[in-house]
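The values are calculated or read from the model by the stated rules, or taken from the named source; none is laboratory data. Small disclaimer: the values here were computed from a predicted structure and weren't measured. When we count neighbours, we look across all protein chains shown, and the Cβ atoms used for this are built from the backbone with ideal geometry, even at glycine. Note: areas computed on protein heavy atoms with side chains; ligands, DNA, RNA excluded. Shrake-Rupley method; radii C 1.70, N 1.55, O 1.52, S 1.80 Å.
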Amino acid sequence: RAIIDAFPGPISAKDSEGRYLVMNQYQADLLGIAPDAAIGRTASELTDPDHGLRTTTRDREVLATGQPVQFE
């Protein structure tokens with residue numbers, strides 16, 4: 001946990017349904033929540049609907065192709 005919280009950028013991991021398993025402090029600060037508040041929730045639950053949809057679309061692309069995608 002200390003390693004991902006020390007990284008100066010957003011880091012998270014999700015399950016195959018798009019629910020957060022872990023989120024670093026940097027990303028949680030961007031969302032205005034505590035990192036543990038993200039656990040079990042989706043991007044659509046934590047952000048506006050448009051961002052949630054873009055995130056879900058990218059997540060599905062990664063799962064389908066196994067290739068990383070660039071977030072803007």
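Roughly how much of residue 63 is accessible, in Å² to the nearest 10, using a 1.4 Å probe?
110 Å²
How high is the relative contact order of the chain? Use alpha-carbon pairs under 8 Å, at least six apart in sequence, and give a whole percent.
Relative contact order for the chain comes out at 20 percent.
What whole-number value in Å² describes the accessible area per residue of the chain for a 1.4 Å probe? Kindly include the intermediate steps, with their values, before the conclusion.
Values: 4950 Å² over 72 residues.
Here the residues of the chain average 69 Å² of exposed surface.
Between 40, 32, 18, which gets the highest mean-square fluctuation from a Gaussian network model of the chain, Cα cutoff 10 Å?
Maximum among the listed residues: 32.
By the scheme Lys and Arg +1, Asp and Glu -1, what is the net charge of all other residues having a beta-carbon under 12 Å from that of residue 35?
Details: positive: 1, 41; negative: 5, 29, 36.
My count for the surroundings of residue 35 gives -1.
List the pair-distance distribution P(r) of region 1-68, using every Cα-Cα distance, as the percent of pairs falling in each 5 Å bin from 0 up to the bin containing the longest distance, rounded to whole percents.
4, 18, 26, 27, 18, 7, 1
For the chain, find the longest principal axis of its Cα atoms and tell me its angle to the long axis of helix 49-65, 0 to 90°, nearest 10.
Once rounded, one gets 70 degrees.
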